[in-house]
Amino acid sequence: MATIAAIIASTHHPFYLRATTATGDDRPPFADEWQAKIEAFRETLTRARPDVLVMVGSDHFHQLWLDNMPQFLIGKAPFYDANYYNEEREFGLPRMKLRGHEDLSAHLLRGGIDAGFDLAFSNELRVDHSITCPIITLRPQADLPIVPVYTNIFAPPMPQPRRFAELGRAIRALVESWPSDQRVAIIGTGHLSLELGGPRQFGPHGPDPEFDRKAVGWIASSDLDAALAEVSLDSLWQPGNATHGFMDFMLMMGVAGDNAKADYADSLDLFHTMEAYFTWYPEGEAGGGEGGAGGAEGWAGGAEGWAGGAEGWAGGAEGWAGGAEGWAGGAEGWAGGAEGWAGGASRKAAP
Amino acid sequence: MSKYLVNKFLYTIDRDPDLVERYRQDPAGTVAWWEAERANVILNCPGAERSTWLSFTDAERDALSGHDYVALFELGAHNFLLLTLFIALFERDYDEPLAFQREFAARLSHWSVPYPDIAT
């Protein structure tokens, strides 16, 4: 059966690429710290040696529209073109092309439907920044096949939060029952408190730091009971009008398992919204240790692998340049990233 | 109330660079053209298989024709579509980064939760 190499939950911030490839006066003051944190986070995926990525995200009114809106959808296609004109315009995101993994898509669709999730599917899906942001931050060489899983966190009526957690549990079980020797990483991105198109948008920090503090604690300990006791479709309007993206974190807590302590947790208080990064290693080895102090030891072991990571980085740069037509411009930022790498060991055992 | 149609306008303008410029330059004319020619096009159907019943209310038409994002917010337009398109329309007119986004927020500062319902 397949191995779950890593489970990763993250915020997705479409300005990361632009902020961290900017130089001179254009480079924002927070870019160095942000880049260092992302590069440390990236290493948590690299060291898990995944073969295929299940990517949980949500379409932002790009291909999916209100005349035909699925709640949960899985892509099944050999390729996924990625990013849209308005993402290029607003965020400077490049056009990309990702390979698909149709066999794992078919397995998740069949098994998910049989488990009681009436999943929509798409055989021609152009994915957007909810999937390409974590590719850029976690696997910028974009060299692994993906299975996109889209959720509706965007257009009411939405599924209940508990349903996201249940789908996460189902995805975990289905990947574990996939008859394959592949190492699968399950990666999902969502939001903490977030306001878009409302009076609290683009403040000095996220619109509700108290919600963020609680949410980071729930995620780091995968405390679904606590999260489900406090979070509802109605309550999520309070921390910010785009906070329903937190339900994708709840899906990932379902994947991680109830009360599974994250092996890696970090966060960054940015203007406008808080960033948060979590990794679990179900097989125990790549993460090293069982959380807390053990996790820190595992990290020290990871530091030895750092040089190896740097080599992977160089290889990644080739993948970057050759990966897709749209990527060429990224190569410069990438080189700058390599320098930042040496000093990048910014990490906390817990947020 | 035709929130869906307001959202459809924002969505179809936002995804087309020529229409973004046209709407910036001539909002009332673009809204009139769009309502007459495009409002009833089902996006995944051939042109002949179109809807027959969609139109704006006067308040919606006026808000769109006036680039009035405060009124559109209050009519329940989807916050993400509204922000994304209006950044494309007006961010360029401001010198400081995020200045337009912060003005947008300030002009809505009389609102607290619950905001107008965006459900369609």
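Entry remark, the stretch A:203-226: residues being within 14 Å of chain B (Cβ to nearest Cβ) and at pLDDT 95 or above number 3 in total. The combined condition, being open to solvent by 20 Å² or more (accessible area, probe 1.4 Å), among the hydroxyl-bearing types (S, T, Y) and in contact with a helix residue (DSSP H, G or I) (Cβ under 9 Å, 6 or more places away or on another chain), is fulfilled by A:Y85. When residues in the stretch A:245-271 are screened for being more than 14 Å from the chain's Cα centre (by Cα) and over 25 Å from A:A173 (Cα atoms), 4 of them pass.
Looking only at the stretch B:3-39, count how many residues are outside any helix (DSSP H, G or I) and open to solvent by less than 20 Å² (accessible area, probe 1.4 Å).
Taking the stretch B:3-39 and keeping what is outside any helix (DSSP H, G or I), we get B:15-16, B:26, B:38-39.
If we keep only those that are open to solvent by less than 20 Å² (accessible area, probe 1.4 Å) as well, we get B:39.
So the count comes out to 1.
Restricted to the stretch B:59-91, and to residues there that are within 13 Å of another protein chain (Cβ to nearest Cβ) and not hydrophobic (A, V, I, L, M, F, W, C), the residue that is nearest to A:E87 (Cα to Cα) is B:T84. Filtered by the rule that a residue be aliphatic (A, V, I, L, M), more than 14 Å from every other protein chain (Cβ to nearest Cβ) and open to solvent by less than 30 Å² (accessible area, probe 1.4 Å), the stretch A:227-262 gives A:A227, A:V231, A:M247, A:M250, A:L251, A:M252, A:M253, A:V255, A:A256, A:A260, A:A262. Within the stretch B:1-43, restricting attention to residues that are polar (S, T, N, Q) and closer than 19 Å to A:Y85 by Cα, the residue that is farthest from the other protein chains (Cβ to nearest Cβ) is B:T12. Condition check: modelled with pLDDT under 95 and either within 11 Å of the chain's Cα centre (by Cα) or open to solvent by less than 70 Å² (accessible area, probe 1.4 Å) (or both). Does B:L81 satisfy that? Judged against the criteria, B:L81 is not a match. Taking interchain pairs and intrachain pairs at least six residues apart, which have beta carbon atoms under 7 angstrom, with the first residue in the stretch A:191-214 and free of Cβ contacts under 8 Å to residues at least 40 places away in the same chain and closer than 18 Å to B:F100 by Cβ and the second of a type in the set (G, A, S) and not in a helix (DSSP H, G or I)? Short answer, once both residue conditions are applied: A:P199/B:S109. Tally the residues that are within 14 Å of another protein chain (Cβ to nearest Cβ), touching a residue at least 60 places away in the same chain (Cβ under 8 Å) and either more than 30 Å from A:P156 (Cβ to Cβ) or in a helix (DSSP H, G or I) (or both), restricting the search to the stretch A:25-66. Summing the residues that are within 14 Å of another protein chain (Cβ to nearest Cβ), touching a residue at least 60 places away in the same chain (Cβ under 8 Å) and either more than 30 Å from A:P156 (Cβ to Cβ) or in a helix (DSSP H, G or I) (or both) in the stretch A:25-66 gives 1. As for the stretch A:220-232, it holds no residue that is over 16 Å from A:A165 (Cα atoms) and assigned to a loop (DSSP other than H, G, I, E, B).
Where helices (runs of 4 or more DSSP H) fall wholly inside the stretch A:79-187, the ranges with 1 or more residues that are within 30 Å of B:R92 (Cα to Cα) and at pLDDT 95 or above are A:85-91, A:129-138. When the stretch A:89-105 is limited to residues that are more than 10 Å from chain B (Cβ to nearest Cβ) and open to solvent by 40 Å² or more (accessible area, probe 1.4 Å), the one that is farthest from A:I186 (Cα to Cα) turns out to be A:R95.
Scanning the stretch B:98-108 for residues that are modelled with pLDDT of 95 or more, among the polar types (S, T, N, Q) and open to solvent by 20 Å² or more (accessible area, probe 1.4 Å) turns up nothing.
In the set A:G284, A:G294, which member is at pLDDT 50 or above and of a type in the set (G, A, S)? Break it down stepwise before answering.
Details: A:G294 fails: at pLDDT 50 or above.
Unique residue meeting the criteria: A:G284.
Output the number of the condition that A:R183 fails; it satisfies all remaining conditions of (1) surrounded by fewer than 17 Cβ atoms within 10 Å (Cβ to Cβ); (2) in contact with a strand residue (DSSP E or B) (Cβ under 6 Å, 6 or more places away or on another chain); (3) among the basic types (K, R). It is condition (1) that A:R183 fails.
The values are calculated or read from the model by the stated rules, or taken from the named source; none is laboratory data. Quantities reported herein were computed from a predicted structural model and do not represent experimental measurements. Positions of Cβ are generated from backbone atoms using ideal geometry, with glycine treated the same way; all protein chains shown enter the neighbour counts. Only protein heavy atoms, including side chains, enter the accessible area calculation; ligands, DNA and RNA are left aside. Shrake-Rupley method; radii C 1.70, N 1.55, O 1.52, S 1.80 Å.
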